[in-house]
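Every number here is computed from the coordinates shown, using simple stated rules; none is lab data. This is a predicted model, so every value here is computed, not measured. Here Cβ is always computed from backbone atoms with ideal geometry, including for glycine, and neighbour counts include all displayed protein chains.
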Amino acid sequence: MKLLGANNFIKMPTGTFYVQYWLDTQKECMEIVREFLKSPDEFLKNRIFDLEVFGGNSGSMMFDDSEEDYVFYYDANVVGDASPSTTLYLVIEEDELPDEIVFNGNSGRFKLSKKEVIDIKNYFVENAHEHYEDNWAIKELDKLSKSGNTIVDINILG
């Protein structure tokens, strides 16, 4: 598990499990960093219900009980709609997922097993995702990084 800023997150492969923290200020970002550093396992336990699957800068997948296959693809930009200067990403490896995950769905909370979550992610990666080149977004993040923005460069292992 790791906490990443946009510059590191955008380089993750399609199919990466993550939770996004779209915040308003860099101060809020630093509060998230401190909370994560205090206890990564507790941090994950309290926040996994918003688990998503990275598709690319063009969009990602969230788990939604209103969809037949639980796949809801949406415009979750790393650069574009989201502000890379105030957004953090908790990246979670498959083996770090709990045996059962409770999600916030459109119709309320719902549960899926770890196996179901992995199977749905694999379906998304294989069938339901179109990947677009993220080169322009990577260049924008590089500009932010070179201008001294420390949030976009966060890379903390848990």
Unique match (being under 17 Å from the mean Cα position of the chain (by Cα) and either of a type in the set (Asp, Glu) or surrounded by 15 or more Cβ atoms within 10 Å (Cβ to Cβ) (or both)) among Glu93, Glu68
Glu93
Return the residues of segment 87-102 that are more than 19 Å from Lys11 (Cβ to Cβ), touching a residue at least 60 places away in the same chain (Cβ under 8 Å) and not in a loop (DSSP other than H, G, I, E, B); say none if nothing qualifies.
Glu96
Mind listing whichever residues of segment 21-44 are surrounded by 14 or more Cβ atoms within 10 Å (Cβ to Cβ) and over 17 Å from Gly5 (Cβ atoms)?
Leu44
I'd like the full set of residues that are closer than 16 Å to Lys111 by Cα and either out of contact with any strand residue (DSSP E or B) (no Cβ under 6 Å at 6 or more places or on another chain) or of a type outside the set (Asp, Glu) (or both), limited to segment 20-66.
Lys45, Asn46, Arg47, Ile48, Phe49, Leu51, Met62, Phe63, Ser66
State all residues of segment 137-158 that are surrounded by fewer than 18 Cβ atoms within 10 Å (Cβ to Cβ), part of a helix (DSSP H, G or I) and either of a type in the set (A, V, I, L, M, F, W, C) or out of contact with any Gly (no Cβ under 7 Å at 6 or more places or on another chain) (or both); if no residue qualifies, say none.
Ile138, Lys139, Asp142, Lys143, Lys146
Unique match (being closer than 13 Å to Asn8 by Cα and free of Cβ contacts under 8 Å to residues at least 60 places away in the same chain) among Lys139, Lys115, Lys111, Lys146:
Lys139
Hey, Ala6 hits all of (1) hydrophobic (A, V, I, L, M, F, W, C); (2) over 20 Å from Val117 (Cβ atoms); (3) more than 12 Å from the chain's Cα centre (by Cα) but one; which does it fall short on?
(3)
Under 6 Å between Cβ atoms, which residue pairs at least 6 apart in sequence (or on different chains) link something in segment 45-60 that is surrounded by 16 or more Cβ atoms within 10 Å (Cβ to Cβ) with a partner that is acidic (Asp, Glu)?
Gly56/Asp134; Asn57/Asp134; Gly59/Asp75; Ser60/Glu52
Out of the residues in segment 15-44 that are among the charged types (D, E, K, R) and in contact (Cβ under 8 Å) with a residue 24 or more places away in the chain, which is farthest from Ser85 (Cα to Cα)?
Asp41
